[in-house]
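Written below as structure tokens is the structure these notes are about.
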Amino acid sequence: MRFNRRIAAGAFALAFMGVLVFGALLGLLQEGLRSTGQTLAVFDGYLFRIARFTLWQAVLSTVLSIGPALLVARAFVRHPSFPGRKLILQLFAVPLALPAIVAVIGILALYGRAGYLAPAISALFDWRWPGTYGLSGILLAHVFFNMPMATRLFLAALETIPSHQWRLSTQLGMGGMASFRFVEWPVLRSAIPGVAGLVFLLCVTSFTIVLTLGGGPGATTLEVAIYQALRFDFDPQRAIVLTLVQLMLTSAILWLLTRSGAVLTGDTHLPIGSRRLLFPGQIERILNYTIIALALLFVGSPIVTIVLAGLKADLARLATDPAVQRATLVSLALAFVAAGLSVLLAFGLVAARRSLELKRRGSSAGFFEHLTDGGVLMVLVIPPIVLGAGWFVLLRTSVDVFSVAPIMVAWVNAVMALPFAVRIIRPAYDAASHRHEKLCSSLGIAGFARLRLIDWPPMRRPALLAFAFAMALSLGDLGVIALFGSDQVQTLPYLLLQRMGSYRTADAAGIALFVGILCLSLMYVAGRESAAADAPSR
């Protein structure tokens, strides 16, 4: 049997992910079996209280995100020529690229006890505004991140309604309520379970937001409790039990999501309004314009506040601060390595899946092909903090865990960005393979020659898009570095968290502005590449 390089590349990518995931699980299992009695004793009231709060804040965050998103998406679809529509939707994509720690700075600067809105709120309700720490802050940050994403997903679903249905509703003189009932609601009803499930999963696995805005033991989720058990209390048994409970929750949620057909990697493209003739009444127009304006104010205000707070910092001093310079270089280097590794692994999985599909010639897919197709979903079950906790426990008896921080950060971030990279690369690779596969076979072009001459030219833009997206995700990550970070190995988010913890809020705001600019610049490049790739050739 002839050696197939593409299948071997896919096998290597799966093995790479498998070692990361099962190595973490092995570390947790070994530690748990070493002292079973202590592990079982962790199942106490504290554990169930944290699990209950994790689910409760996720439910509230989902409801508060989905409800307004439905109204905003419907307002957009009823007004396809709304002034600034495209610009607002692009603004709604900013939270997808903004690191959570950066958004927290903006929310605190706007809604915090000393925030811009604190005097107005205190005067309005005649009491001193206590700030946004605790459940209120967590919900506010989750809605800021998830409501724009849910709006874009609902709008993308509404854009699939055929134009003849809109035309017929207009000819029949349907008003806003009738159009919603007979035209829009059937589509939204089928989209709600998947979108709500995705938002719920993101809220259950939220780490940075709860860590910075939780405000104490009464507002702690499972992931934050895992971090505290290892980094502050050094209680491996408690961390193991918390991790297992977290895995059961995320596995159950992911199973329900796959059953509902949810899009598990979010959206990266703006929906395009179809041509339709709608004539909403004056009252409906005013109501929809008000909804869009309020949503724009809610999403745009923290972003503007991040800029204002950052500009108040001593940026010149921060730029020459050795700690900031060192953290910047470390962040860029680790993000570059993680993004490159993620793209390589994505190419391996996509190429192996396509090669196996061609080999079976129409027969049913085998187990290995299913793994290359859906194996990336495995990393969605285990959040970064859980992977870091498993390897922290596994390595602590053999090496200095803080010395392997760069390897762990790059490794975990590469795998966590893999679902997004696969989603970007696979359509382009499959299309190129469909066009060139027979020609390459007849001419005997294979290996590096095929990659350089045939596969790479049409894959260059998707690969750059996936690289920029993965690098932006890695730059803003705080999950693994929160466990493995030290004075010797610091990234910009880790340094930002340290400055917040030492009440150096001005420095934290300046660093947040810098991190936000870096990530948004990468996403802007990714968007430009995506638009260029989607543009028709002349």
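Electrostatic tally near Leu387: other residues with Cβ closer than 14 Å to its Cβ, Lys and Arg +1, Asp and Glu -1, net -2.
Spin-label model, Arg85 to Leu329: label points 7 Å out along the Cα-to-beta-carbon direction sit 5.0 nm apart. Output the relative contact order of the chain, whole-number percent, from Cα pairs under 8 angstrom with separation of 6+ residues. Here the relative contact order equals 25 percent.
Any chance you could run the full-extension gain for Phe12 through Ala252? It's 0.36 nm times the residue separation minus the Cα-Cα distance, nm to one decimal.
Here the segment from Phe12 to Ala252 would lengthen by 83.6 nm.
Taking 7 Å steps out from each Cα toward its Cβ at Arg259 and Tyr116 produces label points 4.5 nm apart.
Taking the centroid of alpha carbons for each part, segment 431-470 and segment 283-348 are 33 Å apart.
With the convex hull drawn around the C-alpha atoms of segment 406-501, the volume per residue stands at 107 Å³.
If R0 equals 22 Å, the separation of the Cβ atoms of Lys359 and Ala431 corresponds to a calculated FRET efficiency of about 0.70. Candidate membrane-span-like segments in the chain, meaning DSSP H helices with Cα atoms spread over at least 20 Å of their own axis and a Kyte-Doolittle mean of 1.6 or above, are 185-204, with no membrane implied. Per-residue packing, averaged as other Cβ atoms within 10 Å, sorts the ranges 507-519, 233-245, 298-310, 109-121 into the order 507-519, 233-245, 298-310, 109-121, beginning with the highest.
Each value in this text was obtained by applying a stated rule to the coordinates, not by laboratory testing. Computed from a prediction, not measured in an experiment: that's the story for all the values here. FYI the Cβ positions are ideal-geometry reconstructions off the backbone, even for glycines, and counts take in every protein chain you see.
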